Amino acid sequence: MYDCLSYTWGNPLFKKFLSPNQRKELRDKEAYKIDLDGKIMSVTKNLWDALNQLGSSQPPSASSHQRQNRIWIDALCINQEDDKNEKPHQLGMMARIYNQAQNVVVWLGPVTPDDPKLETALLVMDRLKSIPQEKLKTEVLYDLRQVQMYENLGIEPIDSAEWDIFASFILRAWFGRMWVVQEAFFAKNFIIYCGEEIIEWSRIAAASRVLKETRMGRLLNEKVMEATEDEDEDGNEEEDGDENEEKAKVEVKDEDKEQTNSKYISNPISNQFLYTDIRTIGSSIKLERLLAYSRYFGATEDKDRVFAVLNMWKPDWGPSGDKTTSNFIREISTAREAYMRATIVSIRETNDLNMLSLVEDKSVRTKARKEDKLPSWVPDFGALPICEPLAGVPRAAPGQERWNTSEGLQKKWQLPPVTKEPLLSVKGFRIDEIIEFAATDLDIIDEHQMFTLLKILSSFLEADTAHSSRTDAMEPFWKTLIKNTYRGKPAEDDARRAFPYLIAHFVWELDIELNDLQEALDEAEEGDYRKDAKRKFDKFSTVNSDTKSLIEKLSAKENSVIPTWEFIQETLKLANARDLSEEAQNNKEAIIDSFRSAYTCRRLFRTRGNLLGVSAQSLKEGDAVWVVAGAAVPFLLRKLPNGNQELVGEAYVHGIMQGEAVSRQGKSEPQEIHLE
């Protein structure tokens, strides 16, 4: 009988909130010596701390957390120098090793006297855990500083310092490491140590689920990112970070334009709910879901994002194929091949092409995957999980799927042989091609390019002669911008009523920018700084003028969803005075959330046939909308010089999401195309 130790090899703490002395200690690369049955071995500082703690304490005899005298530790029980034989063999045995252990002892790291107090983090956990489930679904949360928010949730307020302490706990490195997901999956029983304290996993999981199911997780993540960015700008040196922190931000690279100030960020704050989800689902979990979840965690080697989930996956085709299929993926040595083979196996398992919805925009692919030319139809599992896939991961229950674009098309595709060029052959219909598109979400944030959305709307209305009699001529526009989803449900009249607040919000952000620039101009002396401020002020003044002109034009349309300029100014006045009604504030936050969910890392486009859609921000004029057999949503494809196609990304295209485009094809035969 034995236990297993689950820990991180490197720095166990979230370094951004630590004191300079603590940071210095974490950079200590000294190897620590232990005597293992007469043999002197070197271990890391974190393992040394764990062994010291476990050797000096034992849970009370009445506790359900009784540890065994023997403990399995990967650094000591596996020959770390043998990459060819022992390590690969042991990796294949991890499921059995952890499953047969009496306990998995989790070491989150030490708690030192000058660390934030663990008791405070546990107090915050318990407050979050106590929120009634029905409150999580009804309250719209928009500011962690609002006392009223906590009163509505029925808990005591959590102040800024308490949130920071809680974040420093929940962002410890163990929670963001890919391999520990497997260790947690197979554990019969958890014993979680943070310093001397033993913490019940249920407390952590319950708090994490609250963060996930409300906006609190995102709000806290934004708070942490803002605080740590300010800290870095103040001149603190950068040390080697843990994998989760290195993976936290990505700057979009677009060689054709000036870079934006904003960056996409991951949200590791609420990762812990994934552990519980995976354990609850158990052996029925699909490889697709495991691979999607792998994006939320850090990994030393990119291929580990695939290898670390294989032991948790049991193929639907039975035990006889388990080992063969696993070896088909494991036998290769590069991340590119691992990602490609895992995608092939996942498509085989699900018997559809929804896996292609996990393909990220090419601008956020990792540098390594761009260099090794990962096929366009294969997701980069090392890329940040920025977009919410339209097809859904996890998938909706059977019969509750939102989209079925290829309804009526017989599923048919040809997976590439391993020895040949990685071409995925599919069948489908080419529906239309893009003729214009709006700004990206980051340009709307940083450059206040919301008016480009209104320009698309104006063009759409001018060309919309076929549907001029419909009651809501602007419905394709506002529903597309939120992918026809509001508060987690199909968008109805309540979403339409809330939509004007989205437009007002964009104008409000531009108004703040102009006021700040005006103040800078008033205070600046002659010189380069003043010239730069004047240039920006003039640029955004022009943007403001263009925006106002379009709003006045479009708001005058019959039954317009675009608010009048007077409504916007009155809304701004109330918002600045914090006098916006609670209902209006909730509607505003809900519609902004819906827009972000639909538009992050995407952009609006219009086709030659006057369809509106949103898809990957790297789309170009001439890219084509395709309905592909076996896929729940449309895709944008780009024709290559050799006649093959490149997958640009999945798309929401209003009016064809339920098979309408296939019905219009009549008896036409779908075209076979090859994705590379």
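The values are calculated or read from the model by the stated rules, or taken from the named source; none is laboratory data. This one's a predicted model, so the numbers in the text were calculated from it and none came from an experiment. Note that we place each Cβ from the backbone using ideal geometry, even for glycine, and neighbour counts take in every protein chain shown.
Hey, could you check the range 641-656 for residues that are in contact with a Ser or Thr (Cβ under 7 Å, 6 or more places away or on another chain) and buried (at least 23 other Cβ atoms within 10 Å of the Cβ) and say which is farthest from ASP361 (Cα to Cα)? Here the answer is ILE656. Does at least one position in the range 430-449 carry a residue that is under 18 Å from THR343 (Cβ atoms) and among the hydroxyl-bearing types (Ser, Thr, Tyr)? No - not one qualifying residue is present in the range 430-449. If the condition is being at positive phi and either in contact (Cβ under 8 Å) with a residue 60 or more places away in the chain or assigned by TED's automatic domain parsing to the domain that holds LEU353 (or both), then the range 394-427 contributes only GLY408. Just so you know, in the range 263-281 the residues that are of a type in the set (S, T, N, Q) and assigned to a helix (DSSP H, G or I) include one that is modelled with the highest pLDDT, and it is THR280. Residue pairs whose Cβ atoms lie under 6 Å apart, separated by 6 or more positions or on different chains, with the first residue in the range 566-584 and at negative phi and the second among the β-branched types (Val, Ile, Thr) and assigned to a helix (DSSP H, G or I), are ILE568/VAL507.
Among the residues of the range 121-147, the ones that are assigned to a helix (DSSP H, G or I) and without any contact (Cβ under 8 Å) to a residue 24 or more places away in the chain come to 5 in all. Looking only at the range 162-200, residues that are of a type in the set (Ser, Thr, Tyr) and modelled with pLDDT under 90 come to 1 in all.
The set of residues in the range 391-441 that are outside any strand (DSSP E or B) and aromatic (Phe, Trp, Tyr) contains only TRP403.
Among the candidates GLU621, GLU672, GLU582, GLU676, the residue that is of a type outside the set (A, V, I, L, M, F, W, C), modelled with pLDDT of 95 or more and farther than 18 Å from PHE460 by Cβ is uniquely GLU672. Condition (residue is touching a His at 6+ places or on another chain (Cβ under 9 Å) and at pLDDT below 90) applied to the range 214-227: is it met by at least one residue? No, the range 214-227 contains no residue that is touching a His at 6+ places or on another chain (Cβ under 9 Å) and at pLDDT below 90.
Confirm whether ASN52 is surrounded by 13 or more Cβ atoms within 10 Å (Cβ to Cβ) and at pLDDT below 90. In short, no. On the stretch given as the range 505-543, residues that are part of a helix (DSSP H, G or I) and without any contact (Cβ under 8 Å) to a residue 60 or more places away in the chain total 25. Is at least one residue of the range 479-496 of a type in the set (S, T, N, Q) and either assigned to a helix (DSSP H, G or I) or closer than 17 Å to PHE567 by Cα (or both)? Yes, there is a match, as at least one residue in the range 479-496 is of a type in the set (S, T, N, Q) and either assigned to a helix (DSSP H, G or I) or closer than 17 Å to PHE567 by Cα (or both).
Being under 25 Å from the mean Cα position of the chain (by Cα) and acidic (Asp, Glu) is the requirement here; does GLU650 meet it? Here the answer is yes, as GLU650 does meet what is asked. Can you confirm whether the range 545-567 contains a residue that is modelled with pLDDT under 95, in contact with a Ser or Thr (Cβ under 9 Å, 6 or more places away or on another chain) and among the hydrophobic types (A, V, I, L, M, F, W, C)? The answer is no, given that none of the residues of the range 545-567 is modelled with pLDDT under 95, in contact with a Ser or Thr (Cβ under 9 Å, 6 or more places away or on another chain) and among the hydrophobic types (A, V, I, L, M, F, W, C).
The set of residues from the range 168-196 being over 18 Å from THR8 (Cα atoms) and touching a helix residue (DSSP H, G or I) at 6+ places or on another chain (Cβ under 9 Å) comprises just one member, LYS188. Scan the range 385-420 for residues that are buried (at least 22 other Cβ atoms within 10 Å of the Cβ) and more than 27 Å from THR325 (Cα to Cα) and the total you get is 5.
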